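Peer 1: This is the structure I have questions about; it appears just below.
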Amino acid sequence: MRGKDVTLDSVSITYPNGFTAVEPTDLVVEAGEFFSILGPSGCGKTTILRAVSGFIEPSAGRVLIGGEDMAGSGPNARPTALIFQNLALFPLMPVWENVAFGLEARGIGKKARREKAQELLDLVALGDQGDKLPSELSGGQRQRVAIARALAVEPAVLLLDEPLSALDLKLRQHMRAELRAIQKKTGVTFIYITHDQGEALTMSDRIAVMNNGVIEQVGTGDEIYSHPRTAFAASFVGETNRFEGRIADVEAGMAQIETPLGRFRARNPDQLEPGSEAMLFVRPEAMRIGGDENRFEAHLVRRDLEGAFLNLFFDARGTEIAVHVTNDGHAPELHDAAPMPLGFAAAQAVILPRGALARTGQELAAQ
Amino acid sequence: MTDLSHTPPRRRLRLLTADGLLSAYTWAFLVFMFLPLLLMILSSFNDTSPPSVTEWQGFTTKWYTFFWMPEETLRADPVLRSLDRDRFVSCFGNSLYVAAMVVPLSLLLGLAGAVLLTRWRSRANSALWWVLLSPMLAPGIVLGLSALVFWSRLGVDAGLFTIVMAQTTFIAGYPMLILMARLQRQPVELEEAALDLGATPFRVFRRLTLPYLAPALASAAVIALMASMENYNTTMFAKGGACTFATEIGAMARNPNGHPPVINAVGTVIIALTVAGALLHTFLSRREQGR
C-alpha cells in the first residue's frame with residue numbers, strides 16, 4: 001500500500017441553504033502523512049472530509065488526490081476509504097464479510113476475499129473473530145474491524161471521522177497508539193478529524209486547527225502548542241492564560257504590551273505595531289511563582305491536585321490565572337492567602353492580534 | 001391492583017370506585033370483542049341451520065366436513081344439499097390466485113415507494129407521500145368502480161384481472177408504510193460506507209438494504225395476503241362475473257332464510273389459523289431473542 005498526497009485548491013463549500021461550511025481553503029497533505037484536522041464541532045472539518053471522500057462536491061475549487069482532479073468522481077471511484085464516526089459496520093454480515101465487502105464490490109472471488117480478509121484481521125489482531133457478527137464484538141474490536149474493512153480496498157488515503165469518540169478513555173488512549181502503528185506499517189495517508197486536542201497532538205505528524213470554516217494554522221503539534229499563530233489556536237489547543245491590552249513598544253521580534261496588570265514583554269511574531277489591540281498568551285506550565293522577567297501580584301484561591309501535578313488558580317485583580325507546578329512539596333498552600341509574585345519569561349509568552357477565542361468549558365456548559 | 005392498606009378510608013373508597021370502573025370497562029370491552037366470536041364458534045358445532053346457540057340440536061362437525069364429504073352424504077343432508085360446493089371451492093381458488101398476484105405486486109410497488117420516500121430528499125416528497133397513500137384512504141367502492149371504468153375503457157372485461165388491479169392500488173400502501181418505518185431506522189451511514197468501499201448502488205441495495213428489509217418484507221407479505229383475501233367492497237365492484245372467497249361468503253350470508261353454518265365453520269378455521277400464526281410468530285421471535 002502507498003499513500004497519496006491530497007491537495008485542496010481554493011476549496012470552498014456552501015450548502016444549498018446558503019450556509020458556508022468551508023471558506024476558500026488551500027491545504028496540502030503529504031503522501032504517507034498522519035494529518036489531523038482539529039476544531040470544535042460545527043467548524044467545517046467533517047465537511048472537508050466528505051469533500052475529499054466524494055460525498056460532497058466543493059462549491060468552488062478543486063480536490064486533487066495524487067495530483068489527479070477528483071471532480072465528478074463519486075465516493076466509489078476515489079482511492080479513499082472513510083471510517084465513520086459510528087463505524088457503520090454492516091450488522092447482518094459476519095466480520096470477515098464486512099472486511100471483504102470492498103473486494104466483493106470489485107468482483108474478487110470468495111476464496112481470495114476470505115484470504116485477504118484473514119490477512120487484514122490478523123493485522124488488527126482479530127484473526128479468530130472472522131465468523132462473528134459485529135454485534136458480538138466489543139467496542140474496541142468493532143473499531144479495528146472498521147479499520148480492517150477500510151484498509152482492505154488498499155486506499156491511498158484513509159479518512160477518519162472522530163472514530164474514537166464513542167470509546168472509553170483507557171481504550172481510546174490505547175487505540176491512538178494502534179492507529180499510529182497501523183499508519184506507520186501501511187504507509188497510507190491518514191486524514192483524521194477530531195475535536196480532541198489530545199488525540200491530534202499524540203498521533204499526528206501535522207495538525208490543522210480549524211474554526212468557523214477557516215483553517216487558522218497548520219503545523220506540527222509542537223509548533224501549534226508552543227507557537228500558536230492566532231488567538232483561536234492559542235486558546236483551543238491546551239490551556240492558556242490570556243492578558244488583553246495594547247502594544248506599547250516594539251523591538252526586534254519582541255513587543256511590550258500594556259495590560260491592566262502591568263506592562264509585559266513577549267514574542268511578537270506578527271510584528272504588531274505600537275497602539276494595536278492585542279492579546280498575550282502564556283501557558284500555565286510556563287508561569288513561575290516568585291516572578292520572572294514579567295511579574296505581577298496575585299493570591300491563591302484554588303488548589304486542585306492532579307497527582308504528579310498541581311493546578312493552582314490565582315486571582316490577580318479579578319483575572320483568573322492558572323499555574324501548573326510539579327507536586328514536589330514546595331507548592332504554596334491555600335492558607336498562604338497573602339498576595340505573592342507571579343511571572344513568566346518573555347520567550348515563553350506570545351503576543352497575537354486580538355481575535356476570536358475558543359469557548360471555555362464554562363461557556364460550553366452554559367449552552 | 002392498587003395496594004390500599006396504607007390509604008385513608010375516604011381516599012380508599014375513591015380508588016376502589018376508580019379501579020372498579022376500570023375493570024368493568026375492560027370486561028365490557030372484552031365481552032363486546034369476543035362474545036360474538038365465541039357464539040360463532042359454538043354455533044359452528046350445532047346441528048341446526050340457520051346457526052343458533054340457543055336451540056342446541058346436538059354436536060356435529062358436518063359444517064366443517066362439508067368441504068370434503070362424499071357426494072352421497074352431501075345429497076342426503078337437507079341443508080348442505082342446496083349449497084354449491086364446487087362453486088365455493090373455485091371462488092376460494094380465485095382468491096388464492098388473486099392474492100398470488102396482488103402480494104408480489106404490492107411488495108414491489110410498496111418497496112419502490114418506500115425507498116423513494118426515505119432516500120430521495122426533495123420538496124415533492126410530502127406531496128408524493130399523499131399521492132401514494134391516498135388509495136388507502138379512498139373508499140374501497142370508489143377504487144373498485146374506478147378500476148372497473150378505467151379498464152373497460154381500455155377494452156378489458158371485468159374479472160380476476162380487474163380485481164388484482166383494484167386491490168393492488170390500495171394494498172401496496174401497507175407494505176410501503178411497513179418498509180418505510182424500517183428504512184427510516186437504518187442509518188444512512190451504512191449505505192454511504194458501502195458506496196465508499198466501491199459498491200455500485202445496485203449492490204448496496206442487494207447486499208445491505210434488501211437483507212435489512214427481509215423481516216419487514218415478510219410481515220408486509222402476510223398483511224398484504226390477508227388484506228387481499230378478506231377484501232370485499234373493492235372486489236365486489238371490480239369482479240364482474242368472477243367471484244372470490246369473500247364475495248361468495250357475502251353472497252351466502254345474504255340468504256333470506258338465514259346463512260348456512262358452513263360460514264361459521266369457515267370463520268372458526270380463519271380464527272384458528274390467525275391465533276396459530278400469532279403464537280408461531282411469538283414463539284419464533286422469543287427464540288430469536290434468546291439466541
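The values are calculated or read from the model by the stated rules, or taken from the named source; none is laboratory data. Worth saying up front: this structure is predicted, and the values here are computed from it rather than measured. So basically every Cβ, Gly included, is an ideal-geometry build from the backbone, and we count neighbours across all protein chains shown.
Peer 1: Could you please find all residues in region B:134-163 being in a loop (DSSP other than H, G, I, E, B) and within 15 Å of B:TYR232 (Cα to Cα)?
Peer 2: To start, the set of residues in region B:134-163 that are in a loop (DSSP other than H, G, I, E, B) comprises B:138-139, B:154-159.
Selection gives B:ALA138, B:PRO139, B:GLY159.
Peer 1: Which numbered condition trips up B:VAL164, out of (1) within 14 Å of another protein chain (Cβ to nearest Cβ); (2) in contact (Cβ under 8 Å) with a residue 40 or more places away in the chain?
Peer 2: Unmet condition: (1).
So that you can scan it fast, the table gives a plain yes or no per residue for (1) of a type in the set (D, E, K, R); (2) within 22 Å of B:CYS91 (Cβ to Cβ); (3) at pLDDT below 90:
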site: B:LEU225; (1), (2), (3): no, yes, no
site: B:SER228; (1), (2), (3): no, yes, no
site: B:MET252; (1), (2), (3): no, yes, yes
site: B:VAL269; (1), (2), (3): no, yes, no
site: B:VAL275; (1), (2), (3): no, no, no
site: B:GLY290; (1), (2), (3): no, no, yes
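Peer 1: When residues of region B:197-226 are filtered for being crowded, with 20+ Cβ neighbours inside 10 Å and more than 14 Å from chain A (Cβ to nearest Cβ), how many remain?
Peer 2: The qualifying residues number 2.
Peer 1: Could you grab me the full set of residues in region B:114-131 that are among the hydrophobic types (A, V, I, L, M, F, W, C) and at pLDDT 85 or above?
Peer 2: At the first step, the residues of region B:114-131 found to be among the hydrophobic types (A, V, I, L, M, F, W, C) are B:114-117, B:120, B:124, B:127-131.
Residues satisfying the conditions are B:ALA114, B:VAL115, B:LEU116, B:LEU117, B:ALA127, B:LEU128, B:TRP129, B:TRP130, B:VAL131.
Peer 1: On to the next question. Does B:VAL89 satisfy the criteria of being modelled with pLDDT of 85 or more, under 22 Å from B:MET252 (Cβ atoms) and of a type in the set (Val, Ile, Thr)?
Peer 2: Numbers: modelled with pLDDT of 85 or more: yes; under 22 Å from B:MET252 (Cβ atoms): yes; of a type in the set (Val, Ile, Thr): yes.
So B:VAL89 passes the test.
Peer 1: For region A:63-108, enumerate the residues that are more than 10 Å from chain B (Cβ to nearest Cβ), in a strand (DSSP E or B) and in contact (Cβ under 8 Å) with a residue 12 or more places away in the chain.
Peer 2: Matches in region A:63-108: A:VAL63, A:LEU64, A:ILE65.
Peer 1: Which of (1) within 14 Å of chain B (Cβ to nearest Cβ); (2) in contact with a strand residue (DSSP E or B) (Cβ under 9 Å, 6 or more places away or on another chain) does A:PRO134 not meet, given it meets every other one?
Peer 2: A:PRO134 satisfies every listed condition except (2).
Peer 1: Just to be sure I understand the filter: pairs with C-beta atoms under 7 Å, separated by 6 or more residues or on different chains, first member in region A:122-150 and assigned by TED's automatic domain parsing to the domain that holds A:MET175, second member among the acidic types (Asp, Glu) and not in a helix (DSSP H, G or I). Which pairs pass?
Peer 2: From region A:122-150, no pairs qualify.
Peer 1: Can I ask one more? Out of the helices (runs of 4 or more DSSP H) lying entirely within region A:109-203, which hold 3 or more residues that are within 25 Å of A:CYS43 (Cβ to Cβ)? Talk me through it step by step, then tell me what you get.
Peer 2: Values: elements: A:110-123, A:139-152, A:169-186, A:197-203.
Ranges flagged: A:139-152, A:169-186, A:197-203.
Peer 1: Scan B:ALA216, B:ALA224 and give me the residue that is touching a residue at least 12 places away in the same chain (Cβ under 8 Å), closer than 19 Å to B:PRO104 by Cβ, small (Gly, Ala, Ser) and touching a Lys or Arg at 6+ places or on another chain (Cβ under 6 Å). If you could, list the steps in order and put the result at the bottom.
Peer 2: Details: B:ALA224 fails: touching a Lys or Arg at 6+ places or on another chain (Cβ under 6 Å).
Being touching a residue at least 12 places away in the same chain (Cβ under 8 Å), closer than 19 Å to B:PRO104 by Cβ, small (Gly, Ala, Ser) and touching a Lys or Arg at 6+ places or on another chain (Cβ under 6 Å) holds for just one of B:ALA216, B:ALA224, which is B:ALA216.
Rundown of residues vs (1) buried (at least 21 other Cβ atoms within 10 Å of the Cβ); (2) closer than 20 Å to B:TYR212 by Cα; (3) within 12 Å of chain B (Cβ to nearest Cβ), yes/no style:
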| residue | (1), (2), (3) |
| --- | --- |
| A:LYS111 | no, no, no |
| A:GLN118 | no, no, no |
| A:GLY127 | no, no, no |
| A:ILE147 | yes, no, no |
| A:VAL157 | yes, no, yes |
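Peer 1: I would also like to ask the following. Given (1) in contact (Cβ under 8 Å) with a residue 60 or more places away in the chain; (2) within 30 Å of B:ILE223 (Cβ to Cβ), where does B:LEU83 come up short, assuming only one miss?
Peer 2: Condition not satisfied by B:LEU83: (2).
Peer 1: Same structure, new question: Tell me yes or no: at least one residue of region A:10-28 is surrounded by 23 or more Cβ atoms within 10 Å (Cβ to Cβ), of a type in the set (S, T, N, Q) and in contact with a strand residue (DSSP E or B) (Cβ under 7 Å, 6 or more places away or on another chain).
Peer 2: no
Here's the yes/no breakdown for (1) surrounded by 15 or more Cβ atoms within 10 Å (Cβ to Cβ); (2) farther than 30 Å from A:MET210 by Cα; (3) of a type outside the set (A, V, I, L, M):
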position: A:ILE289; (1), (2), (3): yes, yes, no
position: A:GLU306; (1), (2), (3): no, no, yes
position: A:ASP328; (1), (2), (3): no, yes, yes
position: A:LEU334; (1), (2), (3): no, yes, no
position: A:ALA337; (1), (2), (3): no, yes, no
position: A:ALA346; (1), (2), (3): yes, no, no
position: A:LEU352; (1), (2), (3): yes, no, no
position: A:ALA358; (1), (2), (3): yes, no, no
position: A:ALA366; (1), (2), (3): no, no, no
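Peer 1: Out of (1) within 14 Å of chain A (Cβ to nearest Cβ); (2) within 23 Å of the chain's Cα centre (by Cα); (3) of a type outside the set (A, V, I, L, M); (4) surrounded by 21 or more Cβ atoms within 10 Å (Cβ to Cβ), the odd one out for B:PRO175 is which?
Peer 2: That leaves (1) as the condition not met.
Peer 1: Do the conditions hold for A:ALA233, that is, is it crowded, with 23+ Cβ neighbours inside 10 Å and either outside the structural domain of A:PRO79 (by TED's automatic domain parsing) or free of Cβ contacts under 8 Å to residues at least 40 places away in the same chain (or both)?
Peer 2: Details: crowded, with 23+ Cβ neighbours inside 10 Å: yes; either outside the structural domain of A:PRO79 (by TED's automatic domain parsing) or free of Cβ contacts under 8 Å to residues at least 40 places away in the same chain (or both): yes.
Yes.
Peer 1: Please work out if B:VAL98 is under 23 Å from the mean Cα position of the chain (by Cα), assigned to a helix (DSSP H, G or I), surrounded by 13 or more Cβ atoms within 10 Å (Cβ to Cβ) and free of Cβ contacts under 8 Å to residues at least 24 places away in the same chain. So that I can check it myself, show each step before the final result.
Peer 2: Numbers: under 23 Å from the mean Cα position of the chain (by Cα): yes; assigned to a helix (DSSP H, G or I): yes; surrounded by 13 or more Cβ atoms within 10 Å (Cβ to Cβ): yes; free of Cβ contacts under 8 Å to residues at least 24 places away in the same chain: no.
So B:VAL98 fails the test.
Peer 1: Taking the options A:LEU261, A:LEU272, name whichever one is touching an Asp or Glu at 6+ places or on another chain (Cβ under 9 Å) and crowded, with 16+ Cβ neighbours inside 10 Å. Give the steps one after another, and end with the answer.
Peer 2: Values: A:LEU272 fails: touching an Asp or Glu at 6+ places or on another chain (Cβ under 9 Å).
The conditions single out A:LEU261.
Peer 1: Do we find a residue being crowded, with 17+ Cβ neighbours inside 10 Å and of a type in the set (Ser, Thr, Tyr) anywhere in region A:210-229?
Peer 2: As a first pass, look at region A:210-229 and keep what is crowded, with 17+ Cβ neighbours inside 10 Å: A:210-211, A:213-219, A:221, A:224-225, A:228-229.
Cutting the leftovers down to of a type in the set (Ser, Thr, Tyr) gives us A:225.
Yes, some residue in region A:210-229 is crowded, with 17+ Cβ neighbours inside 10 Å and of a type in the set (Ser, Thr, Tyr).
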